[in-house]
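Visitor: After the structure tokens below, expect a handful of questions from me.
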Amino acid sequence: MTGNGHRTIPTGAALRVKALEALLEEKGLVDPQALDAIVDTYETKVGPRNGARVVAKAWTDPAFRKRLLADATAAVAELGIAGPEGEHLVAVENTPSVHNLIVCTLCSCYPWPVLGLPPVWYKSFAYRSRAVRDPRGLLREFGLELPDDVEIRVWDASAEQRYMVIPERPAGTVGMSEEELAELVTRDSMVGVAKIAPPARGSSR
Amino acid sequence: MTGNGHRTIPTGAALRVKALEALLEEKGLVDPQALDAIVDTYETKVGPRNGARVVAKAWTDPAFRKRLLADATAAVAELGIAGPEGEHLVAVENTPSVHNLIVCTLCSCYPWPVLGLPPVWYKSFAYRSRAVRDPRGLLREFGLELPDDVEIRVWDASAEQRYMVIPERPAGTVGMSEEELAELVTRDSMVGVAKIAPPARGSSR
Amino acid sequence: MNGIHDMGGMDGFGPLVREKDEPAFHANWEGRMFAIANLLIGQGYFNVDEFRHAIERIPAPRYLDSTYYERWLDAAQTLLAEKGVVTREEMEQRGAAPHPPSQPAAALDKTAAKSGKDAARVRAKFRPGDRVVARNLHPFGHTRLARYARAHRGIIRHDHGVYVLPDTNAHGGPPRRQHVYSVEFKATELWDTGAPQNERVYIDLWEDYLAPDPKTPARRAGRKAQRGRKRR
Amino acid sequence: MNGIHDMGGMDGFGPLVREKDEPAFHANWEGRMFAIANLLIGQGYFNVDEFRHAIERIPAPRYLDSTYYERWLDAAQTLLAEKGVVTREEMEQRGAAPHPPSQPAAALDKTAAKSGKDAARVRAKFRPGDRVVARNLHPFGHTRLARYARAHRGIIRHDHGVYVLPDTNAHGGPPRRQHVYSVEFKATELWDTGAPQNERVYIDLWEDYLAPDPKTPARRAGRKAQRGRKRR
């Protein structure tokens with residue numbers, strides 16, 4: 001019991017879920033293959049690489065960036081990205097003077113189609129409770145020290161909108177391709193708990 | 001884990017307290033006999049019978065009642081009642097139109113010298129959380145249904161004041177002595193979660 | 001309800017703990033639970049607001065002592081039993097006894113229920129720039145109005161359009177459709193006046209959660225007055 | 001701090017459970033723990049505000065999963081270790097390892113620390129009948145201003161006299177002595193406007209927790225004006 005919302009010790013939940021699934025299947029309420037398909041989708045198909053493609057395109061295509069900031073749901077659909085918890089996407093953009101951070105204090109809402117399922121820390125009580133009250137202190141624990149004059153905007157996803165952060169394009173990336181840029185974009189930067197480091201010299205090209 | 005703040009299963013706490021006490025005694029920080037004396041005081045000497053004596057006197061001695069409502073600390077001292085958590089006593093009086101209830105939402109402050117140590121339910125999360133928000137619903141769980149037109153006053157002991165309720169004197173007690181009346185006064189009535197029932201016919205005259 | 005789930009602004013949960021190279025699911029059962037809940041919602045056995053409320057109804061000590069998907073399991077079982085889809089007894093017999101919730105589901109707030117007559121209202125009451133105050137609502141049922149916002153003043157920044165109000169939708173009430181707004185609150189308003197001046201929290205709030213800020217003359221009134229003057 | 005201890009007005013703790021013929025202590029160790037803590041406070045090893053704050057600093061999940069005297073044990077051990085009276089190692093060696101708190105003790109709020117200059121203020125700022133608002137303070141340290149009262153309006157009903165402010169006393173700050181008032185709040189103000197009209201909550205609040213209600217002309221100001229008029 002760490003206050004972290006996650007235990008590594010196995011619990012009775014495994015047996016309870018197994019029994020519940022068997023019961024629901026016997027009653028014909030859930031189709032085991034449909035369950036397999038959902039699990040497979042979130043284990044292999046949906047994840048932060050989707051969001052990284054969106055960010056890289058926004059960095060390199062000013063018209064796309066504009067469409068993304070105006071209507072993120074429609075913009076990411078251009079890249080074939082859509083799905084549950086992405087029906088009402090909102091993209092918020094970091095600048096040298098504004099830093100954005102996303103949270104869901106009431107549960108753990110998260111933009112699944114662009115970022116995949118949230119990490120345990122995003123669902124943790126520490127993150128949910130502190131993001132709106134002490135964002136600077138929280139970011140410091142992520143190793144991100146923001147200058148005092150940078151404005152922090154915290155987005156609490158309490159309704160149907162799901163937020164993603166467009167991080168700042170790092171220095172030293174002039175001339176890189178969209179694909180190369182997408183490689184640099186981390187999940188944490190799209191939640192707003194990290195910046196993107198400039199690429200290591202000579203690593204890409 | 002019942003949300004009740006109390007478990008009946010033995011825990012590691014017993015061993016930890018034993019170890020701590022031994023350590024503190026070895027270092028000469030606490031005197032085992034002083035500990036014995038404190039435990040004995042609250043197990044045998046201090047309890048709701050003190051409060052019952054106060055209430056019975058207030059019912060039968062109008063001048064005392066007046067002093068009690070004006071300065072309860074001084075008034076109960078007349079009966080030889082004093083001690084920790086009783087330094088700043090306040091007595092609040094129930095009437096046919098006003099019902100008082102005491103709680104400490106932040107911890108479990110309680111007027112020890114007049115009522116003894118609080119019962120587990122007074123310290124429970126259910127009581128602490130609900131007394132200020134839904135006193136009628138809470139009292140209903142205690143079996144006390146108050147008419148809608150009775151005003152409820154909840155006293156949250158968030159500072160040094162410690163509250164006790166002077167319940168209404170029940171019907172059918174005319175002519176009873178102070179000692180007989182004191183027998184009728186329950187702890188729950190002095191917290192404000194119960195009324196005092198009229199005495200059973202013939203039980204005490 | 002003012003449950004433990006409503007933890008924005010609370011202290012006492014200790015430092016953040018992170019894990020390297022985290023998988024989508026930490027165990028097979030987590031993936032199955034995720035899929036089961038999504039399928040049951042998708043098939044209409046219960047809706048997402050009912051599901052969230054069932055999670056909120058997990059007794060607070062158990063909520064804090066559970067992992068994320070353990071809470072999903074408790075909530076799904078609670079709803080399956082309450083809706084009679086699978087009985088409590090069936091689940092018990094299979095070794096998957098549902099854990100009793102802290103309160104029953106049927107806690108449709110009086111205020112929310114009464115206002116069902118407004119179901120068709122879709123005209124926006126507020127516009128970007130309007131000053132508002134988050135109402136001090138404390139329904140015993142489900143709400144998405146976080147405690148830390150209540151009674152605090154903000155500014156409408158964006159109108160997200162029309163959505164169904166969770167407060168009734170979680171309780172089988174009429175589908176109240178209304179505007180949802182992004183409301184900007186200064187940290188100095190939500191927390192201490194000593195909070196940093198350049199921190200803001202944006203909360204998405206249904207129209208029913210908001211009232212015009214009585215402290216500042218409503219822009220709306222100003223606009224109407226102006227229009228009136230033009231007509232004259 | 002906005003800890004789980006500050007649970008006034010929360011839901012999710014289930015029904016009340018009562019026990020018949022309850023003893024003063026449910027086990028020998030409970031009595032010993034009660035006596036140890038009282039003796040340590042009485043002898044000055046720590047004060048009651050520090051002790052309360054140490055209880056509040058128990059991580060929230062553990063707080064809810066502990067019994068009353070288990071919390072006393074955690075808090076006493078935390079303070080003994082932090083104050084260097086008994087080292088963590090000594091306790092560990094005896095099989096009584098202290099549980100780490102959710103945050104360190106040294107969280108003296110900036111605002112509280114700054115106002116130390118007022119230590120000698122004992123004149124009452126408010127009088128019975130004055131309308132006040134509980135300030136929206138969110139110190140990271142100890143406070144006795146419950147969340148459910150913050151930003152809400154009430155009426156001063158009684159002046160209890162002068163007491164030391166816990167917010168500084170729990171953190172080794174200067175002893176700020178000031179008036180404590182019994183403040184009456186209507187349930188309709190604290191909770192929904194739909195709450196019963198004839199329910200009131202009386203909360204004892206230190207003067208620093210209160211501000212004059214900006215919404216209503218202060219009686220004080222009115223009295224002063226009257227006095228002024230009389231003098232003329």
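Visitor: Please go through (1) aliphatic (A, V, I, L, M); (2) without any contact (Cβ under 8 Å) to a residue 40 or more places away in the chain; (3) crowded, with 18+ Cβ neighbours inside 10 Å for D:Ala105 and return the number of the only condition it doesn't satisfy.
Guide: (2)
Visitor: Residue check, D:Asp109 against (1) out of contact with any Asp or Glu (no Cβ under 7 Å at 6 or more places or on another chain); (2) at pLDDT below 95, all met but one. Which one?
Guide: The single condition D:Asp109 does not satisfy is (1).
Visitor: Here's a check for you: in segment C:16-66, which residue that is of a type in the set (S, T, N, Q) and closer than 22 Å to A:Val30 by Cβ is surrounded by the most Cβ atoms within 10 Å (Cβ to Cβ)?
Guide: Top of the filtered list is C:Asn38.
Visitor: Identify, by number, the condition in (1) closer than 21 Å to C:Leu73 by Cβ; (2) in contact with a Lys or Arg (Cβ under 6 Å, 6 or more places away or on another chain); (3) touching a residue at least 12 places away in the same chain (Cβ under 8 Å) that A:Trp59 doesn't meet.
Guide: Looking at each condition in turn, A:Trp59 falls short on (1).
Visitor: Can you name the residue in segment C:118-142 that is under 13 Å from the mean Cα position of the chain (by Cα) and at the interface with another protein chain (Cβ under 9 Å from one of its Cβ atoms) and, of all such residues, is surrounded by the fewest Cβ atoms within 10 Å (Cβ to Cβ)?
Guide: By that ranking, first place goes to C:Phe140.
Visitor: Hey, another quick one. Inspect all residues belonging to segment A:39-49 and state whether any of them is without any contact (Cβ under 8 Å) to a residue 60 or more places away in the chain and either outside any helix (DSSP H, G or I) or within 27 Å of C:Pro98 (Cα to Cα) (or both).
Guide: yes
Visitor: Checking the conditions here, which among B:Ala197, B:Ala159, B:Ala131, B:Ala171 is closer than 23 Å to D:Ala195 by Cβ and either more than 9 Å from chain D (Cβ to nearest Cβ) or buried (at least 17 other Cβ atoms within 10 Å of the Cβ) (or both)?
Guide: On inspection, the qualifying residue turns out to be B:Ala131.
Visitor: Take B:Gly12 and tell me if it is within 10 Å of chain D (Cβ to nearest Cβ), farther than 18 Å from D:Leu40 by Cα and not β-branched (Val, Ile, Thr).
Guide: yes
Visitor: When you scan segment A:106-128, how many residues do you find that are of a type in the set (A, V, I, L, M) and more than 9 Å from every other protein chain (Cβ to nearest Cβ)?
Guide: The number of residues fulfilling the criteria is 2.
Visitor: For segment D:147-203, what are the residues that are at the interface with chain B (Cβ under 9 Å from one of its Cβ atoms), under 14 Å from the mean Cα position of the chain (by Cα) and part of a helix (DSSP H, G or I)?
Guide: Answer for segment D:147-203, where residues must be at the interface with chain B (Cβ under 9 Å from one of its Cβ atoms), under 14 Å from the mean Cα position of the chain (by Cα) and part of a helix (DSSP H, G or I): D:Tyr148, D:Ala149, D:Pro166.
Visitor: Let me ask something else about it. Name every residue in segment C:204-215 that is within 11 Å of another protein chain (Cβ to nearest Cβ) and part of a strand (DSSP E or B), in order of residue number.
Guide: Scanning segment C:204-215 gives C:Asp204, C:Leu205, C:Trp206, C:Ala211.
Visitor: Does any residue in segment D:142-155 that is in contact (Cβ under 8 Å) with a residue 12 or more places away in the chain come within less than 7 Å, Cβ to Cβ, of a residue that is part of a helix (DSSP H, G or I) and among the hydroxyl-bearing types (Ser, Thr, Tyr) six or more places away or on a different chain, and which pairs are these?
Guide: Once the first residue is in contact (Cβ under 8 Å) with a residue 12 or more places away in the chain and sits in segment D:142-155, its partners that are part of a helix (DSSP H, G or I) and among the hydroxyl-bearing types (Ser, Thr, Tyr) give D:Leu145/D:Tyr209.
Visitor: Scanning segment C:163-194 for residues that are of a type in the set (Val, Ile, Thr) and buried (at least 20 other Cβ atoms within 10 Å of the Cβ), which turns out farthest from C:Ala54 (Cα to Cα)?
Guide: Within segment C:163-194, the match that is farthest from C:Ala54 (Cα to Cα) is C:Val183.
Visitor: Still on this model: Just to be sure, is B:Gly80 over 15 Å from the mean Cα position of the chain (by Cα) and on the phi > 0 side of the Ramachandran plot?
Guide: Yes.
Visitor: Additional query: Please state which one of A:Glu93, A:Glu85 is of a type in the set (Asp, Glu), on the phi > 0 side of the Ramachandran plot and in contact (Cβ under 8 Å) with a residue 40 or more places away in the chain.
Guide: Going through A:Glu93, A:Glu85 in turn, the sole match is A:Glu85.
Visitor: Is it the case that segment C:70-81 has a residue that's more than 17 Å from the chain's Cα centre (by Cα), within 30 Å of A:Glu141 (Cα to Cα) and either surrounded by 21 or more Cβ atoms within 10 Å (Cβ to Cβ) or at pLDDT below 95 (or both)?
Guide: yes
Visitor: Another question, then. Looking at segment A:69-165, what helices (runs of 4 or more DSSP H) fall wholly within it and have at least 1 residues that are under 25 Å from C:Ser66 (Cβ atoms)?
Guide: Correct list: A:112-115, A:120-123, A:125-130, A:135-141.
The values are calculated or read from the model by the stated rules, or taken from the named source; none is laboratory data. Note that the coordinates shown come from a computational prediction; the quantities given were computed from them, not determined experimentally. Every residue, glycine among them, receives a Cβ derived from its backbone with ideal geometry; neighbour counts consider all protein chains shown.
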